[in-house]
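J.: Submitted below is the structure of interest, expressed as structure tokens.
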Amino acid sequence: IMREYSEEFLGNPEHDGPGARSIDYAGEEPFRSFERARAEGRFRLWHYGLVMDPLTLGASQRTVAVVDDEVFDRLFTNMVTTNDEGRVVGEGGRTDMPFTAEAIDRLEPRISASSLTLLRLTWRDRHHLLAA
């Protein structure tokens, strides 16, 4: 999960490339800061399931992260608007998107059924996730 945030939000190259070098999560940024925030309870993660794609037999994790706003601002101060996979977009050209039922409905035609289900479950569980 930390690698995905590093790659997608901070524009870092894929961390699982062909090299044999392992990541020093305790010493390398941004992983050190991610882990510190997690240990402080300010970057909380939940695992909602494992999804198998029937056509490719590829598996993907479905997770939810809740990051305190000031921690998010600090960790992602250098957030990119584009990365190797495309552009980060939100409502009205913003790079953020409000987490509302209406925003989830607007995403429905553009995301996979499993991702939509995750968003709907997260919306259902929002009071628990935000209170934790």
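The values are calculated or read from the model by the stated rules, or taken from the named source; none is laboratory data. All of these numbers come straight from a predicted model, not from anything done at the bench. Virtual Cβ from ideal backbone geometry, glycine too; neighbours counted across all protein chains shown. Note: accessible area is taken over every heavy atom of the protein model, side chains too, but ligands, DNA and RNA are not part of it. Shrake-Rupley method; radii C 1.70, N 1.55, O 1.52, S 1.80 Å.
J.: Answer yes or no: is there a residue in the range 19-32 that is modelled with pLDDT of 95 or more, farther than 15 Å from E4 by Cβ and not in a loop (DSSP other than H, G, I, E, B).
T.: yes
J.: Would you confirm, using the coordinates I've provided, whether R38 is open to solvent by less than 100 Å² (accessible area, probe 1.4 Å) and under 27 Å from F72 (Cβ atoms)? I'd like the intermediate steps shown before the answer.
T.: On the way: open to solvent by less than 100 Å² (accessible area, probe 1.4 Å): no; under 27 Å from F72 (Cβ atoms): yes.
In short, no.
J.: So which residues in the range 69-84 are open to solvent by 40 Å² or more (accessible area, probe 1.4 Å) and either modelled with pLDDT of 90 or more or over 27 Å from E29 (Cα atoms) (or both), if there are any at all?
T.: Step one: of the range 69-84, the residues open to solvent by 40 Å² or more (accessible area, probe 1.4 Å) are 69-70, 72-74, 77-79, 81-82, 84.
Hits for the range 69-84 are D69, E70, F72, D73, R74, T77, N78.
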